[in-house]
Amino acid sequence: MAYKETFWMACDSTEQLRAEYGPFHTRGEAEREARKLGFGFLLRYEHMIGEKDDIQEVRCIFIELPSAPVLVRTNRKLHTRCATCGESSVHDESWRAEVWADIHEFEHSRHLVRLFEQTRAEGLKEIEDWRDTCA
């Protein structure tokens, strides 16, 4: 007998390259976690399971969360990404980002690492000439 299996994920956008966190059994669990992470969307996966326990169909449904009051506290994450090969990492402190970039560029000659800052208020933005400004 065929049946439908549903699970929930917290996600930060509807883009193909998005961050997803989960899975969760209920929408409430996913929504609480999405709010903690500052994510604005839920993603409901529906798997249609066939007679032989194989996945026949997958449905993905995005649900935008209503805006919550903005917290005064600003969480800042630094993202390093190699412009050459695409390898990336997330950091809490600028010195960690610089160390990651130094190691990556040392191990891969002619690669260039870019730095991005992400805050809930401003989103993701590139920090240009960051090698001169990191202290």
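The values are calculated or read from the model by the stated rules, or taken from the named source; none is laboratory data. Quick caveat, the model's predicted, so the values are computed rather than measured. Every residue, glycine as well, gets a Cβ built from its backbone with ideal geometry; the counts of neighbours run over all protein chains shown.
With respect to the stated conditions, residue 45 is free of Cβ contacts under 8 Å to residues at least 60 places away in the same chain, under 27 Å from residue 120 (Cα atoms) and either over 13 Å from the mean Cα position of the chain (by Cα) or outside the structural domain of residue 120 (by TED's automatic domain parsing) (or both). Residues of the range 19-42 that are of a type in the set (D, E, K, R) and closer than 19 Å to residue 124 by Cα: 20, 35, 36.
To keep it simple, each residue is scored yes or no on (1) surrounded by 11 or more Cβ atoms within 10 Å (Cβ to Cβ); (2) at pLDDT 90 or above; (3) of a type outside the set (A, V, I, L, M).
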position: 41; (1), (2), (3): yes, yes, yes
position: 47; (1), (2), (3): yes, yes, yes
position: 55; (1), (2), (3): no, no, no
position: 64; (1), (2), (3): no, yes, yes
position: 67; (1), (2), (3): no, no, yes
position: 75; (1), (2), (3): yes, no, yes
position: 79; (1), (2), (3): yes, yes, yes
position: 84; (1), (2), (3): yes, yes, yes
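Spot the failing condition for residue 47; the list is (1) closer than 21 Å to residue 10 by Cα; (2) assigned to a helix (DSSP H, G or I), and only one is missed. Condition not satisfied by residue 47: (2). Does the range 8-42 hold any residues that are in contact (Cβ under 8 Å) with a residue 40 or more places away in the chain and of a type outside the set (S, T, N, Q), and which are they? Of everything in the range 8-42, those that are in contact (Cβ under 8 Å) with a residue 40 or more places away in the chain and of a type outside the set (S, T, N, Q) turn out to be 11, 38. Being farther than 26 Å from residue 76 by Cα and of a type in the set (S, T, N, Q) is the filter here, so list the residues in the range 1-55 that pass it. Those that are farther than 26 Å from residue 76 by Cα and of a type in the set (S, T, N, Q): 6, 26.
Filtered by the rule that a residue be of a type outside the set (A, V, I, L, M, F, W, C) and part of a strand (DSSP E or B), the range 52-68 gives 56, 57, 59, 64. What about residue 103, is it closer than 30 Å to residue 4 by Cβ and either at pLDDT 90 or above or in the same structural domain as residue 16 (by TED's automatic domain parsing) (or both)? So residue 103 does not fit the description; no.
The residues in the range 85-111 that are of a type in the set (Val, Ile, Thr) and under 22 Å from residue 124 (Cβ atoms) can be counted, and the count is 2.
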